[in-house]
Amino acid sequence: MAEKVLEIRDLHVTFDTPSGPLEAVRGVDLDVSAGELLGVVGESGSGKSVSFLATMGLLPARARVTGSVLLAGEQLIGASAKQMRSVRGRLLSMIFQDPLSALNPVHRIGDQISEMLRSHQNLSARDADKRAVELLDIVGIPQPGDRARQYPHEFSGGMRQRVVIAIAIANNPKVLIADEPTTALDVTVQAQILEVIERVQERFGTAVVLITHDLGVIARVADRVNVMYAGRNVEQGTIESLFDHPSHPYTRGLLASLPRPGKQRLKPITGFPPNMLNPPSGCAFHTRCEYAADICKGEMPPLVGFGDLQTACVRAKELPKSESFV
Amino acid sequence: MSSELLKVTNLVKNFELRVNNGARRKKRIVQAVTNVSFSVDKGQTLGLVGESGSGKTTVGRCILRLIEPTSGSVEFEGHDLSSLKFEEMRALRRKMQIVFQDPFASLDPKMTVGASITEPMVVQGVPGDHSDKVIELLELVGLSADHAQRFPHEFSGGQRQRIGVARALALNPALIVLDEPVSALDVSIQAGVVNLFEDLQSRLGMSYIFIAHDLSVVQHIADRVAVMYLGKIVEIGDQESVYARPTHPYTKALLSAVPLPDPKIERARHRIMLEGDVPSPVNPPSGCRFRTRCWKAQDVCAQEEPMLTVRPSGQMSACHFPES
Amino acid sequence: MSKQESTVLSPRQMAFRRFVSHKAAVASCIIIGLLTLFIVLAPLTARYGVNESVQAPPNSFLTPRAKSWLGTDDIGRDLYSRLIYGVRVSLLIGLASAIISVTLGALVGAVAGFRGGKFDDIMMRVTDLFLAFPFLVTLLVVRNVLGALPWLRPITGDMSSVRFIIVLFGLFGWMGVARIVRGQVLSLKEREFVEAARAVGASRRYIITRHLLPNSVGPIMVALTFSVVGAIIGESTLAFFGYGPQAGDGATSLGILVGAAKGAVQTGYWWLAVFPCLVLIVIALSINFIGDALRDATDPRLDRGV
């Protein structure tokens, strides 16, 4: 059993907005094992990005975060700013959707990687520069020595994302969190970036958390999947199990709404994404669920084992056997 | 009587970039669309797919003359649009409309939903009180009458997109250009909006030009598909043929790159990985524009530009060494 | 069912709420409101006439006391009353010239931004030209040049008149507004709702009036408030150097009163310096706070909703 590098327990994140408190994350439990690629799937209001921004300590001060986040045994919630600065980039890294805003336009690419290296490791400038070029090579940038001396605007979108990945893995972190890293990229470039992430994983043994709304991407690279809705986990499991026999109505609805070859009519999930200022009571999905019963409006269902999956649907046993989507 | 609604022939759009390169001022030409030709029949849906720089969005806007084409002709119901003056064009605009990608920017935040939907009729000078029509349109797209008094910011992305559709339908157009209409929406909401498009088409019989980069959605809704790369159509034909038996290497690579929501298939697939990035449309490669990333490229590809040729399976593609 | 079950709030109502959450701005509104009340009801609120001497010379300088709340000047005129009449004149100058310059600037900016191309280039170079001249020097030169042209007299009045100053500030205060409005129009012009209007055949005029200007109201209002402050301070500066509006009958402006502070500082009649300057500071700060709050309240990014 692989060791757990990231353990999140009962994570709650609340924002104070002019319209009142908004609880974006309402009790999330999550584990990431060493070397695995965990896919986190969800739509607007699911809290998937906020959960990991909270883990990284990147939320604004007015956000209230409670719960426990253990990274290789170290507690991150409530850690001091100094502690977090030491953790970020060294044990835990995060990359985002837009590579251009992640890079400083007035510094050369090589310098930005070296800076990351030297802020956590005791390297001379020359060694750091050398390592920077090596990293560019690992992420697949051709002529890395020359390109290290260029500026971000001289790179295309896909290349920039590779650079961002290079910076993120420079110090060999235990966990890399990728928040919609390919959403803004063309599909052929997306394929390249996913391949880079897989390659990096193989080489360094980094655990990766891939946050996305694209189930195809998950199907391609993830080992395990975590489905989130309205600030909570609703289903968890291995990729094969989840796609073969999803147990939660939301996951089923999501899979059923995807266009597939053949011209059958698409089956959307009725209703609208939840308003997190005033989410529905109990299981937040009950307003859109075709299997909703009175019990669903009561308490928020916990995540419990169900066969080889974990599900937060109290009626999971009673649901008809799901059609396989594979 | 011909069932051909729209005919585009050799459409070209070049943009001028004024670049200040130090002391010298160079004028760069961005060849956004180069010699694009296709037609759309009544009640048909043409999918236009491509990645960034393909020119698909520019084609959509040129058809509606929201952008003026550099050359080429766009014939709508037999009329050559480029020869029309402002007033004549305005009369034809009733019949061709557009739905945009960004549900947040496509509605004026200061106008009520009802006012936005009524705007086409007001601008076109349709007389009378339009409140009945507004209610009819709102219900047609799955919203309710009391939404008319509200403002865009009170609605979710999917709802705003439906409002945009209602506005596009206000004048009963024969052709609607759908410019990435579901890309900005949540996946579970996309299906509902796509169903709406299909229902409207079977009810009202209009044609669609569905511009998207999401190949799965296009496969679902389109009758015919045109694949664009760097301003040119590289493959065009029936949806089934193009998806099942792609003849152009780029189409093949594109289809191979799209991740399918099925782990077993995904892990087993042989993926064609394209090297490098899409070249800049400022200086497209000579000959075949795809040759810099094509694994089959030979000398002839740089010297001679391939023309669209009919293939055995029925579609047309522009390649010297087509796939079979 | 829409996203929020709460009451329908129009963008205007949302902006109002945002404005009201700025405490400083609300306080400023109250202050300016009271001030306006005072000066509008002038004959009632002022204790004496603007030229009325309370204490005949010699020994006409009175320190603040019951007879004259803020003291008197060299001719024994009550400072408090003169301040009321003076602020009235200055606010009038500020408001009138701001309206002129904002109207002019908004038109120039909107048309330049919308037409684009060469037209935009030319308009912007003209704007730059106006901006290139140092404000005060230009004012003084133009003042003397325009004032010497007899055929302008009927429109602008005499060089020293209030009307002249209003025209002057109006003619030289539009550039900032033009730039702001042009920027706003440029960014709005490419938004899809404008394209949608073009797609149904809307004319240029329709688009400017129905879409671009309403969505530029925020920046225009902000520009208006800052223009008012600029004009009031500008008038004070001119008056400080002796070029302010003069009229023989003792009519005064805030600027003139502030200008008199020059001499007062040396002679020790402190009230003649302190009170007019205090009033000027309060007015300028208040209008600035209001302008800041207006800018936040009408931030178009917030039109997206929660």
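The values are calculated or read from the model by the stated rules, or taken from the named source; none is laboratory data. Fair warning: this is a prediction, and the values are worked out from it, not measured in the lab. Cβ placement follows ideal geometry from the backbone for every residue including glycine, while neighbour counts extend to all protein chains displayed.
Results, tabulated for the structure shown:
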{"read-out": "Residue that is farthest from the chain's Cα centre (by Cα), among those in segment B:188-214 that are surrounded by fewer than 22 Cβ atoms within 10 Å (Cβ to Cβ) and within 8 Å of chain A (Cβ to nearest Cβ)", "value": "B:Asn195"}
{"read-out": "Segment A:104-139, residues that are in contact (Cβ under 8 Å) with a residue 40 or more places away in the chain and either over 22 Å from A:Ile193 (Cα atoms) or surrounded by 19 or more Cβ atoms within 10 Å (Cβ to Cβ) (or both)", "value": "A:Val106, A:His107, A:Ile109, A:Gln112, A:Ile113, A:Met116, A:Leu117, A:His120, A:Gln121, A:Val139"}
{"read-out": "Single residue of C:Gly201, C:Gly263 found to be of a type in the set (Gly, Ala, Ser), free of Cβ contacts under 8 Å to residues at least 12 places away in the same chain and not in a helix (DSSP H, G or I)", "value": "C:Gly201"}
{"read-out": "Filter pass, B:Gly78 being loosely packed, with under 15 Cβ neighbours inside 10 Å and at positive phi", "value": "yes"}
{"read-out": "Qualifying residues in segment C:243-260 (those that are touching a residue at least 24 places away in the same chain (Cβ under 8 Å) and surrounded by fewer than 22 Cβ atoms within 10 Å (Cβ to Cβ)) - the one farthest from the chain's Cα centre (by Cα)", "value": "C:Asp249"}
{"read-out": "Filter pass, B:Met89 being in contact (Cβ under 8 Å) with a residue 24 or more places away in the chain, surrounded by 16 or more Cβ atoms within 10 Å (Cβ to Cβ) and more than 28 Å from B:Gln239 (Cα to Cα)", "value": "yes"}
{"read-out": "Residue match in segment A:237-257 (condition: free of Cβ contacts under 8 Å to residues at least 24 places away in the same chain, buried (at least 16 other Cβ atoms within 10 Å of the Cβ) and farther than 24 Å from A:Gly35 by Cα)", "value": "yes"}
{"read-out": "Top-ranked residue of segment B:249-271 - restricted to ones that are at pLDDT 85 or above, under 27 Å from A:Ser156 (Cα atoms) and part of a loop (DSSP other than H, G, I, E, B), ranked as nearest to the other protein chains (Cβ to nearest Cβ)", "value": "B:Pro259"}
{"read-out": "Search result, residues across segment B:167-184 that are in a loop (DSSP other than H, G, I, E, B), within 17 Å of the chain's Cα centre (by Cα) and surrounded by 24 or more Cβ atoms within 10 Å (Cβ to Cβ)", "value": "B:Pro181, B:Val182"}
{"read-out": "Failed criterion for C:Tyr48 (all others in (1) part of a helix (DSSP H, G or I); (2) away from chain B (no Cβ under 14 Å); (3) at pLDDT below 80 hold)", "value": "(1)"}
{"read-out": "Subset of segment A:230-251 [out of contact with any Asp or Glu (no Cβ under 8 Å at 6 or more places or on another chain) and in a strand (DSSP E or B)]", "value": "A:Arg232, A:Val234, A:Glu235, A:Gln236"}
{"read-out": "Any hit, segment C:139-158, residues being in contact (Cβ under 8 Å) with a residue 40 or more places away in the chain and either buried (at least 19 other Cβ atoms within 10 Å of the Cβ) or in contact with a Gly (Cβ under 8 Å, 6 or more places away or on another chain) (or both)", "value": "yes"}
{"read-out": "Some residue of segment B:277-296 being within 14 Å of another protein chain (Cβ to nearest Cβ), more than 24 Å from the chain's Cα centre (by Cα), among the charged types (D, E, K, R) and not in a helix (DSSP H, G or I)", "value": "no"}
{"read-out": "Residue in segment A:259-274 that is more than 9 Å from chain B (Cβ to nearest Cβ), under 17 Å from A:Gly45 (Cβ atoms) and in contact with a strand residue (DSSP E or B) (Cβ under 6 Å, 6 or more places away or on another chain) present", "value": "no"}
{"read-out": "Number of positions in segment A:185-195 that are within 15 Å of A:Phe96 (Cα to Cα) and either in contact with a Gly (Cβ under 8 Å, 6 or more places away or on another chain) or among the small types (Gly, Ala, Ser) (or both)", "value": "2"}
{"read-out": "Elements of type helices (runs of 4 or more DSSP H) contained in segment B:49-161, each with 3 or more residues being modelled with pLDDT of 90 or more, more than 8 Å from chain C (Cβ to nearest Cβ) and out of contact with any strand residue (DSSP E or B) (no Cβ under 9 Å at 6 or more places or on another chain)", "value": "B:113-123, B:131-140"}
{"read-out": "Looking only at segment A:142-167, and only at residues there that are among the hydrophobic types (A, V, I, L, M, F, W, C) and more than 11 Å from A:Ile113 (Cβ to Cβ), the one that is farthest from the chain's Cα centre (by Cα)", "value": "A:Phe155"}
{"read-out": "Candidates B:Asp262, B:Asp238 - the one that is surrounded by fewer than 21 Cβ atoms within 10 Å (Cβ to Cβ) and not small (Gly, Ala, Ser)", "value": "B:Asp238"}
{"read-out": "Subset of segment A:178-200 (residues that are closer than 21 Å to A:Ile109 by Cα, in contact (Cβ under 8 Å) with a residue 60 or more places away in the chain and in contact with a Ser or Thr (Cβ under 7 Å, 6 or more places away or on another chain))", "value": "A:Val200"}
{"read-out": "Residue check, B:Arg167 basic (Lys, Arg), within 30 Å of A:Gly47 (Cβ to Cβ) and in contact with a helix residue (DSSP H, G or I) (Cβ under 7 Å, 6 or more places away or on another chain)", "value": "no"}
{"read-out": "Any hit, segment A:180-195, residues being more than 12 Å from every other protein chain (Cβ to nearest Cβ), part of a loop (DSSP other than H, G, I, E, B), surrounded by 17 or more Cβ atoms within 10 Å (Cβ to Cβ) and of a type in the set (Asp, Glu)", "value": "yes"}
{"read-out": "Members of segment B:285-324 that are without any contact (Cβ under 8 Å) to a residue 12 or more places away in the chain and either among the charged types (D, E, K, R) or in contact with a Ser or Thr (Cβ under 6 Å, 6 or more places away or on another chain) (or both)", "value": "B:Arg291, B:Asp299"}
{"read-out": "Residues located in segment A:280-302, provided they are in contact with a strand residue (DSSP E or B) (Cβ under 9 Å, 6 or more places away or on another chain) and either outside any loop (DSSP other than H, G, I, E, B) or surrounded by fewer than 20 Cβ atoms within 10 Å (Cβ to Cβ) (or both)", "value": "A:Ala284, A:Phe285, A:Met300, A:Pro302"}
{"read-out": "Single unsatisfied condition, B:Ser183 versus (1) within 12 Å of chain A (Cβ to nearest Cβ); (2) modelled with pLDDT of 90 or more", "value": "(2)"}
{"read-out": "Test: residue in segment A:270-279 that is without any contact (Cβ under 8 Å) to a residue 40 or more places away in the chain and closer than 30 Å to B:Gln239 by Cα", "value": "yes"}
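Yes/no per residue for (1) at pLDDT 80 or above; (2) exposed (fewer than 14 other Cβ atoms within 10 Å of the Cβ):
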| position | (1), (2) |
| --- | --- |
| C:Arg65 | no, yes |
| C:Asp73 | no, no |
| C:Ser97 | yes, no |
| C:Ala106 | yes, no |
| C:Ala110 | yes, no |
